[in-house]
Every structure is written in structure tokens, then in C-alpha cells.
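Below: one structure, written as C-alpha cells.
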Amino acid sequence: MSSVILGFTTSQIAGLSTSLISTLSTSDVAALSTAQVAALSTSSIVAFSSAQIAALKTTQLQALTTAQVQAIETVDLIALTTAQIQSMSTTNVAALTTAEVASLKTAQLGALTTAQTTALTTAQI
């Protein structure tokens with residue numbers, strides 16, 4: 001489906017059902033452009049499996065909106081590698097919910113850059 005999904009407009013991506021989103025392969029997810037990723041609804045982000053979330057490239061992670069970051073389920077967030085965590089923008093890190101921060105593994109917390117750590121709020125810490 002990668003070749004098909006690449007041709008979708010951001011409006012078409014935004015309109016995808018969660019049942020269709022959940023059937024995308026990790027290759028399909030990795031093939032999404034940053035604009036397509038930013039167009040995903042929060043329901044679509046929730047519908048992603050841990051493997052799909054883990055398939056996001058660093059540029060795709062940086063394209064996530066605040067609402068999308070907050071929609072990542074904690075079980076999916078811990079599927080991210082330390083490199084993926086480090087690639088998140090300070091805005092993305094600041095957008096993490098307290099539950100998401102609490103769910104991070106020790107290695108993921110240790111991977112946070114100084115700028116990312118500074119972006120955390122008192123409540124997140």
C-alpha cells in the first residue's frame with residue numbers, strides 16, 4: 001500500500017478511518033511524508049500499534065503536533081528507541097503528558113537532551 005499512501009493528499013490522510021490506519025504496515029507508516037503525518041487525526045495516532053509508532057522516522061516524529069504527541073498511548077511510547085526520543089523537538093517533549101513521561105523507560109529518560117529536559121514542566125518531572 002506504500003505506493004498508494006504516498007499519493008494521498010493531507011486531506012485524504014486526515015480522513016482515513018482508524019480501522020484502515022490500524023492495517024497499515026510499518027513500511028506504509030515509514031513512507032508517510034511529514035505533512036501526511038501532521039495531517040493524521042489524534043484518533044489515528046491512538047489507532048497506531050506500538051510497531052507502527054516505532055516505525056516513525058525522526059523527521060516524522062518532529063512533525064507531530066502537540067495533540068498528536070499527547071494521543072500516543074504509553075504502551076506505544078515506550079516502543080520508541082532512544083534515538084527516536086532524542087530526535088523529538090523540545091515542543092514535542094514539552095507536550096508529553098505526565099502519564100507519558102512517567103511511562104518512559106530509564107534508557108529513554110537518559111536519552112533526553114539537555115534542551116529536552118529543560119523543556120519539561122515541573123508537573124512532568
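Residue count for the range 73-85 satisfying the condition of being closer than 16 Å to LEU109 by Cβ, in a loop (DSSP other than H, G, I, E, B) and either in contact with a Leu (Cβ under 9 Å, 6 or more places away or on another chain) or among the acidic types (Asp, Glu) (or both): 2. You will find that of VAL69, VAL46, VAL75, the residue that is closer than 24 Å to SER103 by Cα, surrounded by 17 or more Cβ atoms within 10 Å (Cβ to Cβ) and modelled with pLDDT of 95 or more is VAL69 and no other. Within the range 100-124, the set of residues being over 18 Å from THR65 (Cα atoms) and either in contact with a Phe, Trp or Tyr (Cβ under 6 Å, 6 or more places away or on another chain) or among the small types (Gly, Ala, Ser) (or both) comprises ALA102, SER103, ALA107, GLY110, ALA111, ALA115, ALA123. Which ranges mark the helices (runs of 4 or more DSSP H) fully within the range 1-59 that have 1 or more residues being under 21 Å from LEU77 (Cα atoms)? Ranges flagged: 18-21, 26-31, 34-39, 42-47, 50-54.
The values are calculated or read from the model by the stated rules, or taken from the named source; none is laboratory data. Fair warning: this is a prediction, and the values are worked out from it, not measured in the lab. Positions of Cβ are backbone-derived with ideal geometry, glycine not excepted, and every protein chain shown enters the neighbour counts.
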